[in-house]
Amino acid sequence: MIRPFAARYRAALADARLPRNLLAFQRAWRTSRDGAFARLADEAPGLGAQTPGFDPARARLMAAKNEVLADPQAVRRAFIGQAEARGAQVHQVETAEAARRTIGDIVRRHGVRLLAKGKSMVAEEIFLNEHLLAMGIEVVETDLGEWIIQLAHETPSHMVMPAIHKSRQQVAELFESETGRPVPREDIQAQVGLARRELRRVFLRAEAGLIGANALIAETGSVMLITNEGNGDLVSTLPPLLIVIAGWEKLLPRFSDATAQVRLLARSGTGQEITTYSSFITGPEPGGELHIVLVDNGRSAMWADPAAREALRCIRCAACADVCPPYQVVGGHVFGYVYSGAIGLVNTPFHHGLAADAGPQSLCVSCNACATVCPVGIPLPQLILDARAHVVEAQGLPPAKRAAIQLWARPRLFDQAMRLASRLQRPFDGAGGLLRLPLPPALAWRTPPALAARPARDACLGRTFEPDLRSPWSMSKARGLTVAYFLQCVADRFAPEQVDAALRVLRACGARVVVPSEQHCCGLVALDSGERATARELAKQTIGVLEAAGPDYVVSGAASCAIAIMHDYARLLADEPAWAARAERLAGRTLDLLSFVARVAEPPPLPPLAGAPVTYHSFCQSTNVLGIGGLGPRLLRQAGLEVGELPEGEVCCGFGGSASLDHPEVSRGIVARKLDNVRQTGATVLCSDNPGCLLHLRGAAHAAGLDVQVQHVAELLAQRLNA
Amino acid sequence: MGANVVAQTSLWSRYTAKAELVGAAVMRTASDAGAATLLAEAAGPGYVCTASVASHFPQVAAGTRPSGDAAATQTASIDHAPVSEGDTVAAEVVTAAPFAIAETGSVALDEPRADRGRCFLAERLWVLVPEEVIVATLDDGLARLQALVASGAHHPLLMTGPSRTADIERTLTVGVHGPRALVIVVVGQT
């Protein structure tokens, strides 16, 4: 059985090898996966392929899956009709218990003593093995990774690479215990050879085989199986009885739809172009029996929720885990339950209950990387926040967090509290906008930021700033426009110099800037915490204030707030159509600072200026939601500054809103990866477009003794324009 | 040369590049007789043919023991007799592919149960492919598979390279449960 979240979390943090293995895996996966899709786009059009690339294949597969979701009953009936016409026996089961019982009955009726098992996440989902073992049936996993974790009495930590958390030495020890013979600790080839010999006997002796399905093709009643090792086909060939277990969401309407899935699955799953074996099992063979068990176990409930329904398109490629920064630090036993990665955070409440998801979902930093690689376009980041809101509704927030959000919700009280805090903090003021505060070791990896003596609002709230006509950019296309500026709480209270710089840059582009006086918080903090009611309140307040200013554009130097307005508000207010419409209108006029400068102002290039070596961390959502990852460096270079490329520049810094406070160890692991990359560049200036990232990076760099100045891109641009 | 021949040649060179990248070997021979000679030299006298070879490549089939006549122990090994450590099934198995796909370097297999089992249990699997049955894309290939299913095939599949895994420390190891080696023999029409 699966241990409680806290125990799994502690165990993962204590395992130094796990994050190293996963980091190497994520990097290798990224390179292979990107290369494989690039080659597809390069080679396939010339051959006449129908879906020659990630985008067309994704569009085709999404359409096919959505066709199923438009009428699952009809597609299911069609599949069952075809499968039965070919001699298969199909069982539809609603619960995990019913699934176990049905499979148990089939194997008992056939007197099965040894069951050869292929890889199946659904079998894991319903805890099938324990049930069969309790019936006295020997169940042997034949997929190498699954066999390893079976011997270790563990669940898979990754949907595609189940034993990725194990070292070769650990594997050797497991094989030694199992076979009673010495096994070479370092020789992976020998270990695989041992598995080949041992499991061969299982293929040849088993009275039954059990496999999962990568797709269920309704047009022909076929089960598509996509594998590399050969065990899936052996298990579905040699034993006379074959059981296929699958969630009904695996349905595809027609055979040709499977082509898009074949093009996407291996590339997304392992970075291969295609797996070794792609099989289409259709009906039992003479003398054999084929049983197909279609499992519901919460899928109908997912379908009934119009938002969660989209997650039923999932093809279990695990790409979402492969780009996930917190997953890299803690692994799939923590970032998930049975299903891991972003999809696990979304489907666990439906398959295993909300409580099972409470811990895992809290680890998501909302970087949105998962959404960029999902081959079926599931809006995972939003669905995870939905799950979070449900958890908070059911369990409430921890008292400190609840108090903080309640304070945040009241503009005047919040203002007073921040000013008081700023005064109380004086004795601890250190240099560089940081505090000098003794911290326990668990928190000492990031020096806390100091509240500014004067918040940004004191210098600009309620004021109008005229354009700076002497600036070399004053004839830009923004000349004559009126921009309403949104401060953001973090920049306002901790980094007023960033606000000052942003205002300068906007004025330098020829815009008049107004700073609406009633502005407060965009509500992102509440949204990220799962506190939807407060988030809605603050969103409405913000919409009202910014609308009233009647500007041509709303701009913020805080990309996170700009993105919240552009992409989260309408969905947050979806069940209040009048507000949703106002949110859409505001979104249409709102931009982050970089996008405004690059796309609206389009300023002329400036002559080169020598300076300290700069590197650039793009705020993860700027990259993943807005697609502007390269925009900051490009603008800086256009302004005459040299910018060195930051390896993994688009990977999250680990701030993640309150994630760095809720799970400091995970945040620390993510920022360590970021700082390692920064060190490699030799840069002495680290630049970014989001205040939250900047404060987080500044504090972590300081605590790590890394001598690097951390500045907002607006500050570099403002300095350049003054020079 | 007709346009078709040129196109076919270009498809085969794409095919070969893809297949070799995933660790398959690709050989050419001009005829059924040529294939028989090639196999006699490379696979040795003990190779076993599936029934589909017998119908399409009679000379290859004549060169060895076809699977239907396979020694009783071999058949029994697949048909449920208990197996002890010393048992083997045929190490060198020869089959015939109904088509190949240039886009991915894959061959199709459509074998009934016992012959399919032999293919998957082989140490080295030889796949004879007539040169005229290559198609360009996965779309074409899946359409062919669908046609096989419609005419009664129970377990048609695409095979691309030898079996592999990266489950232990992500280290790629070729040869897990399925064949350790895959050799594609493209047979010309002379």
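So here's what we get for this one:
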item	result
Scope region A:375-421; condition among the charged types (D, E, K, R) and outside any helix (DSSP H, G or I); matching residues	A:ARG410
Region B:108-136, subset assigned to a strand (DSSP E or B) and away from chain A (no Cβ under 11 Å), residue farthest from B:LEU38 (Cα to Cα)	B:ILE134
A:GLY81 vs. criteria part of a loop (DSSP other than H, G, I, E, B) and touching a residue at least 60 places away in the same chain (Cβ under 8 Å)	no
Selection status of A:PRO286, under 17 Å from the mean Cα position of the chain (by Cα) and of a type outside the set (D, E, K, R)	no
Condition broken by B:GLY161, with the remaining ones in (1) at the interface with another protein chain (Cβ under 10 Å from one of its Cβ atoms); (2) part of a strand (DSSP E or B) satisfied	(2)
Elements of type helices (runs of 4 or more DSSP H) in region A:637-723, at least 3 residues being over 19 Å from the mean Cα position of the chain (by Cα) and free of Cβ contacts under 8 Å to residues at least 60 places away in the same chain	A:664-681
Of the criteria (1) assigned to a loop (DSSP other than H, G, I, E, B); (2) in contact (Cβ under 8 Å) with a residue 12 or more places away in the chain; (3) away from every other protein chain (no Cβ under 14 Å); (4) not small (Gly, Ala, Ser), which one A:PRO306 fails	(2)
Hits in region A:200-223 (condition: more than 36 Å from the chain's Cα centre (by Cα) and either part of a helix (DSSP H, G or I) or within 7 Å of chain B (Cβ to nearest Cβ) (or both))	A:ARG200, A:ARG201, A:VAL202, A:PHE203, A:LEU204, A:ARG205
Only listed residue being more than 28 Å from A:ALA6 (Cα to Cα), out of contact with any helix residue (DSSP H, G or I) (no Cβ under 6 Å at 6 or more places or on another chain) and small (Gly, Ala, Ser), chosen from A:GLY699, A:GLY705	A:GLY705
Pick from region A:237-262, criterion within 7 Å of chain B (Cβ to nearest Cβ) and farther than 17 Å from A:GLN82 by Cβ, ranking: nearest to the chain's Cα centre (by Cα)	A:VAL262
Residues of region A:174-202 satisfying the condition of being β-branched (Val, Ile, Thr) and either loosely packed, with under 15 Cβ neighbours inside 10 Å or touching a residue at least 40 places away in the same chain (Cβ under 8 Å) (or both)	A:THR179, A:VAL192, A:VAL202
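This table checks each residue for (1) modelled with pLDDT of 90 or more; (2) more than 21 Å from B:LEU109 (Cβ to Cβ).
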| position | (1), (2) |
| --- | --- |
| B:GLY23 | yes, no |
| B:VAL26 | yes, no |
| B:THR29 | yes, no |
| B:ALA33 | yes, yes |
| B:PRO45 | no, yes |
| B:SER77 | no, no |
| B:HIS80 | no, yes |
| B:GLU85 | no, yes |
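For (1) touching a strand residue (DSSP E or B) at 6+ places or on another chain (Cβ under 8 Å); (2) closer than 15 Å to A:GLU198 by Cβ; (3) away from chain B (no Cβ under 13 Å), each residue gets a yes or a no:
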{"site": "A:ALA123", "(1), (2), (3)": "yes, no, yes"}
{"site": "A:ASN129", "(1), (2), (3)": "yes, no, yes"}
{"site": "A:LEU133", "(1), (2), (3)": "yes, no, yes"}
{"site": "A:VAL140", "(1), (2), (3)": "yes, yes, no"}
{"site": "A:TRP147", "(1), (2), (3)": "yes, yes, no"}
{"site": "A:GLN169", "(1), (2), (3)": "no, no, no"}
{"site": "A:ARG181", "(1), (2), (3)": "no, yes, no"}
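The values are calculated or read from the model by the stated rules, or taken from the named source; none is laboratory data. Here the structure is a predicted model, which is why all the values come from computation and not from measurement. Cβ atoms come from the backbone with ideal geometry, glycine included; neighbour counts cover every protein chain shown.
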